[in-house]
Amino acid sequence: MSPPHIPPAQTGKRDVSADGGTLLRTLTRLWPYIWPTDRRDLQIRVLLATALLFVAKLATIAVPFTFKWAVDALGGQGSAPVAADSWVTWVIAAPIAMTLAYGIMRILMAALTQLRDGIFAKVAMHAVRRLAILTFEHMHALSLRFHLERKTGGLTRVLERGRNGIETIVRMVILQLLPTIVEVALIVGVLLYQFDWRYVIIILITVALYMWFTYYATEWRISIRRRMNESDSDANTKAIDSLLNYETVKYFVAEQREARRYDRSMERYETASVKSYTSLAVLNAGQAVVFTFGLAATMVLCAYGIKSGTNTVGDFVMINAMMIQLYQPLNFMGMVYREIKQAMVDIETMFNILQRPAEIVDRPGALPLKVGAGIVRFDNVVFAYDPARPILKGVSFEVPAGKTVAIVGPSGAGKSTISRLLFRFYDLTAGRITIDGQDIRDITQASLRGAIGVVPQDTVLFNDTIRYNIRYGRWEASDSEVEEAARLAQIDDFIRMSPHGYETEVGERGLKLSGGEKQRVAIARTILKSPPILLLDEATSALDSHTEREIQDALERVSRNRTTLVIAHRLSTIVSADEIIVLDKGTIVERGSHHQLLAKSGLYASLWNRQREAEEAREKLARVAEDAAAPNRNPPPVQDELAPADAAE
């Protein structure tokens with residue numbers, strides 16, 4: 001069952017940006033995901049969490065007051081500004097009551113804070129989910145050119161770290177930064193009310209120095225963190241690349257070489273990580289020194305007040321508790337700033353990917369493709385991956401309805417480029433490609449690709465079951481339809497002989513299956529899709545001759561009565577094509593049937609003769625090897641060899 005589609009937010013879909021690296025800009029871009037207009041329940045959670053934030057901070061501020069009143073009551077120094085016979089005075093003067101109040105306030109503070117975090121968790125994780133699926137969808141929307149330039153391991157790491165970075169920013173800002181700002185403001189107000197302006201000056205200087213040191217120390221750490229991330233991505237990419245090529249590593253006995261290559265990346269990661277942790281220790285130590293000076297200054301000032309009789313011991317305890325309480329949000333602010341800046345580094349690449357426009361997009365008002373006869377036409381097509389190196393130079397041909405046209409030519413002639421252009425993985429430099437007269441640039445990409453089935457040269461399967469991989473051709477197909485497609489692709493018998501049948505796992509990239517079995521799965525997938533247009537991209541070039549003939553039979557059944565374009569490497573597979581187009585250096589040099597092209601004695605005939613000679617040589621070598629092995633398989637009886645000698649005697 002496919003995962004549910006989550007539509008991206010209507011506002012700011014492509015505005016998520018790391019430009020300038022400012023927190024305010026990032027929060028502005030993230031706000032539509034924190035306050036989704038289509039989710040009233042999440043908006044209510046945001047409002048409720050905000051209300052709980054203020055109530056929790058009021059409870060937090062009440063804690064030092066109850067502590068002071070308890071100490072003063074114990075020392076007989078209660079100073080409540082009410083009449084002596086007031087019940088408020090009695091309560092404040094009662095040590096037990098104040099001690100209980102102190103405990104209740106601490107419980108209330110913790111309970112409200114945790115309740116707020118629990119209520120807001122759904123909002124935060126929903127924002128993470130929406131942004132993650134937005135990035136995932138955008139990665140799929142980017143062109144083949146983008147993905148050929150990237151490494152899979154690096155992209156998955158970008159997605160993972162970006163997702164974690166977004167979670168950090170959302171949770172830190174709402175659950176840490178905003179509460180910290182509120183708490184600092186309340187503490188400053190209380191100190192100004194309860195004590196005097198000198199305490200506020202000390203607090204403000206302490207906070208300013210603390211934040212100044214935190215800012216510059218964190219900025220210094222950012223470059224270290226960036227190098228650590230780069231080395232981490234490099235190590236991860238190398239590990240995935242090596243494991244995906246497990247067999248190649250074994251073929252060339254390169255385990256130690258791969259280990260050394262991976263270790264070099266991990267060595268860079270180790271060095272960067274050590275610097276990161278060392279710099280963190282410097283940051284923490286500096287913050288502690290700055291705050292301790294501020295704490296000592298306020299307590300010395302209060303001690304002078306006690307000596308002069310303007311303050312009580314309860315005030316001394318209160319200022320200590322208030323400063324310790326201030327240290328927690330200050331420490332959070334330092335941590336929040338560090339984490340947010342580090343998260344900004346982590347999601348920087350992710351945001352850049354989100355900002356990168358898709359190279360191939362549907363035109364405004366693009367309509368779905370309407371396939372009637374299924375005639376494919378290339379009309380003076382010009383294309384270049386790099387403007388300095390043209391690949392196709394004015395290629396024109398037509399694949400008539402229900403007919404098979406094959407494209408052949410030497411390596412680098414542009415054969416595979418034609419298949420990529422038909423699928424519109426790239427847009428043309430000039431010319432046009434039409435299906436039943438409809439320019440493929442004027443129709444939706446989904447309808448275009450839905451009308452074309454492909455059996456590629458190298459079939460890569462998902463690491464799932466055979467049933468899953470066949471059903472990928474048409475997801476809503478029933479089990480019986482999947483099995484019928486497998487039967488037509490001549491793989492049903494093989495599947496049923498497997499212990500788990502259609503639930504057999506194919507392994508990473510389908511490596512548990514042979515080349516022929518993978519190709520049959522690809523054919524079954526295409527049969528299930530049942531497209532009006534078929535593209536066979538060198539579908540048998542990597543197979544042995546026996547398997548090739550079996551696969552070719554299946555392909556001929558699939559292509560019957562379908563408009564079929566064949567990109568051929570082995571010419572023996574396309575001798576029955578209605579037309580063969582010979583491509584060389586991006587231009588059509590010959591075209592005609594197999595016999596017509598052989599009669600011309602041109603490039604096609606040359607390619608044909610070379611392949612025939614190579615095949616005959618292989619067959620001759622196979623016969624020689626067979627003959628050489630024959631005496632060892634059937635040695636003559638010893639008695640027969642001795643018989644002539646016995647007769648001579």
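The values are calculated or read from the model by the stated rules, or taken from the named source; none is laboratory data. Quantities reported herein were computed from a predicted structural model and do not represent experimental measurements. Don't worry about glycine lacking a Cβ; one is built from the backbone with ideal geometry, like all the others, and counts go over all protein chains shown. In case anyone asks, the SASA skips ligands and DNA or RNA and just uses the protein heavy atoms, side chains included. Shrake-Rupley method; radii C 1.70, N 1.55, O 1.52, S 1.80 Å.
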Stretched out fully, how many nm does the piece from ILE240 to LYS585 gain, at 0.36 nm a residue minus the Cα gap?
120.6 nm
What FRET efficiency comes out for the pair LEU621/SER601, r = Cβ-Cβ distance, R0 = 41 Å, nearest 0.05?
0.90
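What is region 162-227 by shape, rounded, prolate or oblate, if you read a ≥ b ≥ c off the alpha carbon gyration tensor as root eigenvalues and call it rounded for a/c under 1.5, prolate for a/b larger than b/c, and oblate otherwise? Could the numbers behind the result be given before it?
Working: a/c = 7.81, a/b = 1.74, b/c = 4.48.
Because a/c hits 1.5 or more and a/b fails to exceed b/c, region 162-227 counts as oblate.
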Extension gain (nm, one decimal) between HIS500 and LEU58, 0.36 nm per residue minus Cα-Cα
152.8 nm
List the lysines whose Cα lies under 26 Å from the Cα of LYS307, skipping any in the same chain that are fewer than 8 positions away.
LYS68
Nitroxide proxy distance, nm - points 7 Å out along Cα→Cβ at ARG261 and ALA303
6.5
Subtracting the Cα-Cα distance of VAL200 and ALA281 from 0.36 nm times their residue separation yields 26.2 nm
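Considering only protein heavy atoms and a 1.4 Å probe, what is the carbon-and-sulfur percentage of the accessible area of region 170-213?
78
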Paramagnetic reach from ASP442 (point 7 Å along Cα→Cβ, amide N under 13 Å) across region 367-410:
367-370
At ALA110 and ASP38, where each label point lies 7 Å from the Cα along Cα→Cβ, what is the point-to-point distance in nanometres?
4.1
Summarise the accessible area of region 292-394 (1.4 Å probe, protein heavy atoms) by the percent that is carbon and sulfur.
59
Give me the lysines in straight-line cross-link reach of LYS341: C-alpha distance below 20 Å, same-chain residues under 8 apart excluded.
LYS275
May I ask which of LYS518/LYS585; LYS600/LYS620; LYS250/LYS518; LYS403/LYS600 have a Cα-Cα span longer than 26 Å here?
LYS518/LYS585; LYS600/LYS620
For region 106-145, what is the accessible area per residue in Å², given a 1.4 Å probe and the full set of protein chains?
44
Evaluate E = 1/(1 + (r/R0)^6) for LEU47 and ALA141, where r is the Cβ-Cβ distance and R0 equals 35 Å; express this FRET efficiency to the nearest 0.05.
0.50
